[in-house]
1. Within 10 Å of each candidate Cβ there may be at most 12 other Cβ atoms; applying that plus a DSSP loop requirement, which trypsin sites (Lys or Arg not before Pro) in the range B:74-173 survive?
2. Once phi is turned into ³J(HN,Hα) by the Karplus curve 6.51 cos²θ - 1.76 cosθ + 1.60 with θ = phi - 60°, what whole-Hz value does each residue of the range B:149-157 show in order, with x for glycine and proline?
3. Taking the simple approach of a point 7 Å from Cα along Cα-to-Cβ for both B:Ser11 and A:Asn239, what is their distance in nm?
4. Using θ = phi - 60° and the Karplus form 6.51 cos²θ - 1.76 cosθ + 1.60, what ³J(HN,Hα) does each residue of the range B:69-82 get, whole Hz, x for Gly and Pro?
5. Under 11 Å from a point placed 7 Å out from the Cα of A:Trp90 along the Cα-to-Cβ direction: which residues of the range A:26-51 have their backbone N that close?
6. Go through A:Lys182/A:Lys223; B:Lys91/B:Lys160; A:Lys118/A:Lys223 and tell me which ones have a Cα-Cα distance over 18 Å in this structure.
7. Can you return the lysines within cross-link range of B:Lys26? Criterion is Cα-Cα under 28 Å, with same-chain partners fewer than 8 residues away left out.
8. Tell me, what HN-Hα J-couplings in whole Hz come from the Karplus equation 6.51 cos²θ - 1.76 cosθ + 1.60 at θ = phi - 60° for each residue of the range A:221-230, using x for Gly and Pro?
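Coordinate-derived values only; no laboratory data. These numbers were taken from a predicted model, which means no experiment stands behind them. Backbone-built Cβ (ideal geometry, glycine too); neighbour counts: all protein chains shown.
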Amino acid sequence: TAAATRPWRLFGAMCLLRLPRITQPLQKEEEEMAALMEQIELEKSHYSDHEIRKLQEEEQLRRRKESAYDDEDEAPGKMVIMAQDLEEKWEQKLLSFKAAPRITDADKNNNRTSLNRKLDSNLMLLVKQKIGNQELWLLPQVEWQPGETLRGTAERAMSTFLGDHIQAKVLGNAPYGIYKYKFPRAIRTEDNVGAKVFFFKAFLQSSDLSQAELKEDYLWVTKDELGDYLKSEYLKKVNRFLLD
Amino acid sequence: ALVSCHRHYRSRPTHGIGRYKYLLPKEAPKKKRDRVQMKEIDVGTEHEYGDINIQMTSYDMCLVEHFAQYVHRLCNRLAVRVKESYAMPTKTNEVLFLEERGSKMQLDAVLTTHQRVVQISGLSSTFAPILLEAIQSNQPEGVHLLVKEHTEADFKSRLKSRPELEELLAQMS
């Protein structure tokens with residue numbers, strides 16, 4: 001039978017990504033370039049409507065002062081709002097506006113279980129799972145059952161760890177990577193040589209995970225911090241399909 | 001003499017030596033009305049998407065245009081066929097504040113919404129998630145991204161409506 005001749009066990013693993021919310025800060029060369037381009041554009045640009053209006057009003061004010069109040073009759077009728085007043089109003093509004101802080105994780109003292117961590121890079125979900133005798137940090141994985149697509153396995157893995165109503169979007173049916181390993185000789189039998197883990201990617205749509213997480217050992221980790229938790233072979237295969 | 005002045009005059013045997021237009025196939029004469037639709041291939045079992053529209057909207061025109069340029073060039077580099085790359089007309093919104101302290105004052109702000117569309121065809125389903133992820137991760141702030149399949153409604157939205165024609169049609173039926 002076809003099932004008996006396959007010595008490899010199949011697993012589907014899900015790499016859940018939270019996309020960055022803020023752009024990364026510019027590097028030094030980028031900043032210098034941006035400043036230069038802005039200056040060039042400012043010098044090349046024409047006056048906008050608001051600026052033309054402001055200049056005209058300044059001219060009129062000056063003329064009125066010099067010509068010793070000749071057109072005083074005109075003044076009370078027009079000129080309810082001057083461009084200068086508008087500008088001051090807008091500046092006051094700007095000062096009263098407070099932007100949200102960019103560095104929230106610094107406040108939370110490197111709490112790696114919260115989603116509000118690094119807002120400018122991708123965050124991945126890592127879970128502690130028991131494989132054989134060891135407890136390892138892995139991307140959430142679940143064994144494949146016959147009659148199920150591999151993508152379905154990966155989605156099942158996600159839902160076992162995070163509950164059913166996760167708004168995550170899987171983009172395609174094809175896996176992104178594969179990790180193959182053989183069991184240690186003690187456990188190896190003819191039917192059970194090793195395991196293959198297929199990786200899928202999903203993007204988190206909403207950032208609130210109000211459902212309780214089943215296992216307490218979960219982490220949201222950036223690509224650089226993966227090295228602290230994953231084993232080297234596994235890490236190599238995972239790094240191949242991670243952007244940035 | 002560095003320049004030869006032998007014009008290929010009509011009586012010479014070399015008259016008409018550079019002609020080539022008569023060798024090319026005949027072009028159909030261009031009508032005023034544009035061809036309505038290209039054929040649409042859909043997934044099914046074919047592992048290929050049909051026409052896909054990548055629509056980018058934002059209030060800031062420079063950002064949107066640069067992002068559209070970036071997407072277009074990315075598709076060129078990745079050998080994805082770009083069918084069309086066009087802009088939808090800008091929509092102007094006036095924002096009026098109604099302050100209810102004392103007299104109702106109205107402060108105005110004028111916002112313009114710009115939209116650019118890049119139309120792609122022949123995207124294979126194994127490559128699509130990678131392209132989408134690349135575009136998503138390089139999205140600038142303030143730009144909304146929408147990727148959807150091209151439909152007739154999308155095509156019709158680009159054309160202007162003709163009220164007289166519609167009136168006549170309504171009168172006829």
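1. B:Arg101, B:Lys104, B:Lys160
2. Result, rounded to whole Hz: 7, 7, 10, 5, 4, 4, 5, 5, 5.
3. My value for the distance between the label points is 8.3 nm.
4. Listing the rounded values in order: 4, 4, 5, 4, 5, 4, 5, 4, 5, 8, 6, 9, 6, 9 Hz.
5. Backbone N within reach: A:48-51.
6. A:Lys182/A:Lys223
7. B:Lys26 reaches B:Lys39, B:Lys83.
8. With the stated coefficients, the range A:221-230 comes to 9, 8, 5, 5, 7, 4, x, 6, 10, 9 Hz.
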